[in-house]
Amino acid sequence: MGSESVWVWPLVGLGVLLAALAGAAVAFAWGRRNSGSGQSSALPLAHTEHLSELPAYRSLRRRHRLGAMVGVLALGIALVAAAALSARPAEHETLEERLATRDIVLCMDISGSMVPYAAEVVEVYAKLTEEFAGERIALVIFNSTSRVLIPLTDDYAMVQTELERVGGLLDDVVQLVEQDPEDRDEDEINRVLTLFAGTESADGGSLVGDGLASCALQFDEQESERSRSVLLTTDNEVFMEGVYDLDQAADLASSRAVDLYGLYAGSASGGPDAEAYRGTVEAHDGLYFAVAEPKVVDSLVADVQAQQAVDLAADAESIVTDAPRDWFVWALLGVGLVVLAGGRGRA
C-alpha cells in the first residue's frame, strides 16, 4: 500500500504550456518588429530631451520597468500553474488490503485485590492496543461474574477511550479506599460503582476460572480459520467456588483453539497463587508474564504477531484523488501579481 503523485492528463498540460510559450514568442517577435521599424503611435515633440534627466522621470521609468518584470514573472507563474492544472495533478494509491484475522480478548480481573494494580494493567492494555494493527480486540472485566465492555472490534479509538474511562474509574476507587469513610461523597461512590455493575453476584466471590471461561467464549466466527488469543490479567486470588476452576477454564480455551497469555498483576513476591497461575498457563502451551516486567508489552506484541494468523487477500483497489490545491494557489498568486503589476504600471 502506498501513494504517488501522478498527472492524469499530462499531454493536455504539455499542450497548454507549449501554446502559451508559442503565444509569448509571437508577441515578443511582434514587439521587436515594431520597435525595429521605428513606427510609433506617439506624436513627436521638440525639445523634450532634458525631461529624461529629471528625477521624477527616472523614478517613473524604474517603477515601470520593475512592474513589467514582475508582470512577466507573474504571467509565467500563472501559465505554468494553468498548464499543471490542465494536466490534472492527482494522488494515486493502490490498496492491496490484507485483512488480519487475529482476535484478541483483553480479560481483566477487577476484584478488590486487583484494584491497587489497576493502573498498571490498563496502561499495559492501552500500549498493546497502540501496537496492534488489523486485529479485532474485545475488553471483558470480571469478578464473580463477567461483563463485556467492548465486543470484538477493530475500532481502536473506541477501545482506547474505554480503557481511559476504566482506568479513571479504577483510580477513583483507589482514592476512595484511601479516604476517611466520613469524607466519602455518596454520589462519587455511586459513580465509580457503575464500573462494577454486572460483575458481582449476590453471594460475592472472586472467580478467576469463570472469568477466563467467559472470555474464551467471546470469539465468534467459529467456522472460520482465525487466530484467537485471551490476555488474562489477574492475581489468581480466588474466593469461593465457581463453575470452572482455572485449569478447567484453560482446558475450555484450548478446546476452542484459543491461545492463553497469562499476565500476573499481584504483589512483586508472587507466592503460591502466582506459581499456580504460571503453571496452569504454561501447561496449556501459553505464555506467562508479570505486568510489572520491563518490556512486557514488547514481548507480548512480538509473540502475538509471530503467530500464524490467516490473511484474507482482498482484490487490489486503485484510487485516484485529485490534488490541485498547491497548483491552484500558484495560479491565484500569478494572476494576482499580474493584476497588481498592471495596476502599478498604470499609476
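Readers should treat all values here as calculations from the given coordinates under stated rules, not as data from a laboratory. If you're wondering where the values come from, they're calculated on a predicted model, not measured in any experiment. Neighbour counts are summed over all protein chains in view; Cβ atoms, including those assigned to glycine, are modelled from backbone coordinates with ideal geometry.
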Gap in Å between the Cα centre of region 261-302 and the Cα centre of region 184-216? 23
Highest average packing first - 329-336, 284-291, Cβ atoms within 10 Å: 284-291, 329-336
